[in-house]
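Read-outs: derived from the displayed coordinates by stated rules, not from any lab. Predicted model, so just to flag it, every value in this text is computed and none were measured. Reconstructed Cβ throughout: ideal geometry from the backbone, glycine too, with neighbour counts over all protein chains shown.
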Amino acid sequence: MIQVQNLTKYYHEFCAVDQINLHIAKGQIVGLLGPNGAGKTTTLRMLTGYFMPTSGDIRVKDYSVHQDSLKIKDMIGYLPESAPLYKGMLVYDYLDHIAGIRGLKGENKSKRIKELADMCSLREIMHKTVDTLSKGLKQRVGLAHAMMSDPEILVLDEPTSGLDPNQIVEIREIIRKIGEEKTVILSTHILSEAEATCDRIVIVNKGQIIADGNLEDIKGEAGRGAMIHIALQQADPDEARIVLQQVEGVDSVNALKAENGELVRLQLTCRASADPRPHIYHAIKGTNWVLIEFRQETKTLENIFRELTREN
Ligand code: ATP
């Protein structure tokens, strides 16, 4: 559906997006996740035809942004970070106005406004003025605006930024519902957002993609080199460290101080792509140590995100 090839954007000398390659299939909900300044907004603006790339290409179906940016714009609904709403208008009038701009008339227009009011839960606020609405309600009106011409692709820049927890849940539900039929690309720096809403997460940092896949792929990839925690009784810390250090797949062992003189705690860092747990079990079985705890640290998306994006 969307093919991004070597997409690059320079602001003068500064490279904000650096040779990004992405293939987005129809019907995916893709989260572009990255810290502030990672290049998410710039990427979305190029996708939606707001900015032309410095180099590289974006193809949507058979169209390229270089030759057919208007055709691509027609296929994409875009909700920027702050939805540009006409603040003094009633919600109904605002949607009616947008529908008119999109060329809808008569019955088609009323039908589409009604569909969007249902889709974005706007029925109760249709006769309220836009500037009296909470940020969450404004976002829902913005979503209805973006969906007016029933685009195949919906692009959302930080759709839950600044919303309270209840509003976040409401917007997520609407996005997931839209995602059942459409291709959705959203940007966020909120990890739980990407985790809760997206089928695929693309982590960007300093203009480059540093991880791409579903949550399990990303956790699996970054989870290699995992940490294992062990607690032993009747063990000497130095001896335990030496024995476990020799186990296949174990990279390093840190023996922590024995508690009350008897409990020895060890942290084992495993080699990438190794699962040394069976070997550790056999190594301990051959001793007189009493195994009290044996636990592999599960990495959360948050740990992974921090590891991948922290400053060198
Ligand atoms: P945020 O979450 O803070 O919006 P982002 O990941 O969306 O960040 P961008 O807004 O794409 O990042 O910005 C990427 C980099 O490009 C940043 O360092 C930013 O300062 C810079 N930048 C963005 N727009 C411009 C501009 N018009 N001129 C110059 N530099 C810019």
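Miscellaneous remarks
- With Cα atoms as the point set, the stretch 226-311 shows a radius of gyration and Dmax of 13.7, 44 Å.
- Computed from Cα atoms, the angle from the helix 165-179 axis to the main principal axis of the chain rounds to 70 degrees.
- Between Ile242 and Val290, the FRET efficiency from the beta-carbon distance, with R0 = 22 Å, is close to 0.75.
- Under 5 Å, built H, 5+ apart or other chain: amide partners of Val204: Leu33, Gly34, Ile210
- Set of lysines near Lys9 by C-alpha distance (under 28 Å), chain-local residues within fewer than 8 positions excluded: Lys26, Lys40, Lys61, Lys71, Lys73, Lys182, Lys206
- Here the Karplus curve 6.51 cos²θ - 1.76 cosθ + 1.60, taken at θ = phi - 60°, turns the phi angles of the stretch 279-284 into couplings of 5, 5, 4, 5, 5, 6 Hz, with x standing for Gly and Pro.
- Residue-by-residue Karplus 3J(HN,Hα) for the stretch 106-120, coefficients 6.51, -1.76, 1.60, Hz, glycine and proline x: x, 5, 4, 5, 5, 5, 5, 4, 5, 4, 5, 4, 6, 4, 9
- Helix 91-101 axis, angle to the chain major axis (alpha carbon atoms, nearest 10°): 70
- Close amide H pairs (under 5 Å, H built 1.01 Å from N) link Asp251 with Thr269, Cys270, Arg271, residues at least 5 positions away or on another chain.
- Share of pairwise Cα separations in the stretch 69-212, more than 18 Å, in percent: 56
- Leading residue at positive end of dipole, the stretch 226-311 (Cβ point charges), from Val243, Leu291, Leu308: Leu308
- Each of Ala255, His145, Ile190 was placed along the dipole of the chain (beta-carbon charges, centred on the mean Cα), and the one lying farthest toward the positive end is His145.
- The charge dipole of the stretch 4-59, taken about the Cα centre with unit charges on the Cβ atoms of Lys, Arg (+1) and Asp, Glu (-1), comes to about 220 debye, rounded to the nearest 20.
- At q = 0.09, 0.10, 0.15, 0.16 Å⁻¹ the log10 of I(q)/I(0) for the chain amounts to -0.59, -0.68, -1.11, -1.21, computed by Debye summation with a single uniform scatterer per C-alpha, solvent ignored.
- Distant-in-sequence amide H partners of Gln28 (H built 1.01 Å from N, under 5 Å): Val184
- Normalised radius of gyration (Cα atoms, divided by 2.2 N^0.38 Å) for the stretch 1-158: 1.13.
- Over the stretch 2-221, relative contact order from alpha-carbon pairs under 8 Å, at least 6 apart, %: 30
- Spherically averaged projected area of the stretch 55-129 from its Cα convex hull (nm²): 6.8
- Computed P(r) (all Cα pairs; the stretch 136-196; 5 Å bins; percent): 4, 17, 34, 28, 13, 3, 0
- Size of electric dipole in the chain: Cβ of Lys, Arg +1 and of Asp, Glu -1, about Cα centre, debye, nearest 20: 880
- Partners for Lys135 among aspartates and glutamates (Cα-Cα distance below 14 Å; same-chain residues under 8 apart left out): Glu81, Glu158, Asp164, Glu170
- Most mobile listed residue (Val65, Val264, Val204) in the chain, GNM with C-alpha springs under 10 Å: Val264
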